[in-house]
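What follows is one structure encoded as structure tokens, with my remarks underneath.
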Amino acid sequence: MAVLPTPEENAIQVLSKLVSHFAMRPGHVLQPNNHWVLQTTYRMASEDVNSGIEHAVKTGWFELTDQGKLRLTEAGFAAA
């Protein structure tokens, strides 16, 4: 029987793939459509991407900007 990944596992996958793919560094802002690369290139399910991003925000690995974009934090870079 298949086991679904946890939100933390999804968050680590999201971070590692985005940091690698876009050469992100702490303080870099993810553009709104950049997360689509996770679904198209890395074949992550949208539910996994969403739960990963939500967990990363709650954990402080991403922070929301005033424009609603995601900014990579030092902690998020280290977790990647």
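The values are calculated or read from the model by the stated rules, or taken from the named source; none is laboratory data. Since we're looking at a predicted model, the values are computed, not measured. Note that we place each Cβ from the backbone using ideal geometry, even for glycine, and neighbour counts take in every protein chain shown. All accessible areas refer to the heavy atoms of the entire protein, side chains included, with ligands and DNA or RNA removed. Shrake-Rupley method; radii C 1.70, N 1.55, O 1.52, S 1.80 Å.
Within segment 11-36, the residues that satisfy the criterion of being surrounded by 18 or more Cβ atoms within 10 Å (Cβ to Cβ), under 20 Å from GLY68 (Cβ atoms) and out of contact with any Lys or Arg (no Cβ under 8 Å at 6 or more places or on another chain) are ALA11, VAL14, LEU15, LEU18, MET24, HIS35.
Scanning segment 37-66 for residues that are in a helix (DSSP H, G or I) and either without any contact (Cβ under 8 Å) to a residue 40 or more places away in the chain or open to solvent by 80 Å² or more (accessible area, probe 1.4 Å) (or both) turns up VAL37, LEU38, GLN39, THR40, SER46, GLU47, VAL49, ASN50, GLU54, VAL57, LYS58. Looking across segment 70-80, the residues that are in contact (Cβ under 8 Å) with a residue 40 or more places away in the chain and open to solvent by 60 Å² or more (accessible area, probe 1.4 Å) come down to ARG71, GLU74, PHE77.
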